[in-house]
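In what follows, a structure is listed as structure tokens, so that the remarks can point back to it.
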Amino acid sequence: MDMITRMVSDKPVVIFSKSTCCLSHSIMTLIRSFGANPIVYELDEITNGTQIERALIQLRYQPSVPAVFIGQQFIGGSKRIMTLHLRNELVPMLMNAGAIWI
């Protein structure tokens, strides 16, 4: 958990992803479409990616990607993000985290 906490601290939006995951790509595109610039960790491209993925799974973040943190809080995966978007709750959440201003 400490590793994940350090990686998301002081960042408005963090997405743990895999470069081959189409759902991760869709969620990143959605969040960027609002003007946010998320920090993206591609677990299949960084040296400790397997270790990070195991930590996400131990924290019950399944499937492990995409794992979206907004305002240093775990929000969820693709289903949760899309639900927030459809309920018009995602943009206010991004604004409260300081990820977007308008």
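The values are calculated or read from the model by the stated rules, or taken from the named source; none is laboratory data. Just so you know, these numbers come straight off a predicted model, no measurement behind them. Glycine gets a Cβ as well: all are built from the backbone with ideal geometry, and neighbour counts include every protein chain shown.
Listed here are the residues, each with its yes/no results for (1) at pLDDT 95 or above; (2) small (Gly, Ala, Ser).
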| site | (1), (2) |
| --- | --- |
| Ser26 | yes, yes |
| Leu30 | yes, no |
| Asn37 | yes, no |
| Glu42 | yes, no |
| Asn48 | no, no |
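Could you tell me whether any residue of the range 80-101 is in a loop (DSSP other than H, G, I, E, B) and under 12 Å from the mean Cα position of the chain (by Cα)? Reasoning before the result, please.
So the first thing to find is which residues in the range 80-101 are in a loop (DSSP other than H, G, I, E, B), and the list is 87-89, 97-101.
Then keep just the ones that are under 12 Å from the mean Cα position of the chain (by Cα); that gives none.
The answer is no; no qualifying residue exists.
Residues Ile57, Ile27, Ile15: which one is outside any loop (DSSP other than H, G, I, E, B), touching a Ser or Thr at 6+ places or on another chain (Cβ under 9 Å) and surrounded by fewer than 17 Cβ atoms within 10 Å (Cβ to Cβ)?
Details: Ile27 fails: surrounded by fewer than 17 Cβ atoms within 10 Å (Cβ to Cβ); Ile15 fails: surrounded by fewer than 17 Cβ atoms within 10 Å (Cβ to Cβ).
Result of the check over Ile57, Ile27, Ile15: Ile57.
Which members of the range 30-47 meet the condition of being assigned to a loop (DSSP other than H, G, I, E, B), closer than 18 Å to Arg80 by Cβ and either among the hydrophobic types (A, V, I, L, M, F, W, C) or touching a Ser or Thr at 6+ places or on another chain (Cβ under 7 Å) (or both)? Show your work before the answer.
Initial filter on the range 30-47 (assigned to a loop (DSSP other than H, G, I, E, B)): 34-38, 43-47.
This time we only want the ones that are closer than 18 Å to Arg80 by Cβ, so: 34, 36, 38.
Result: Phe34, Ala36.
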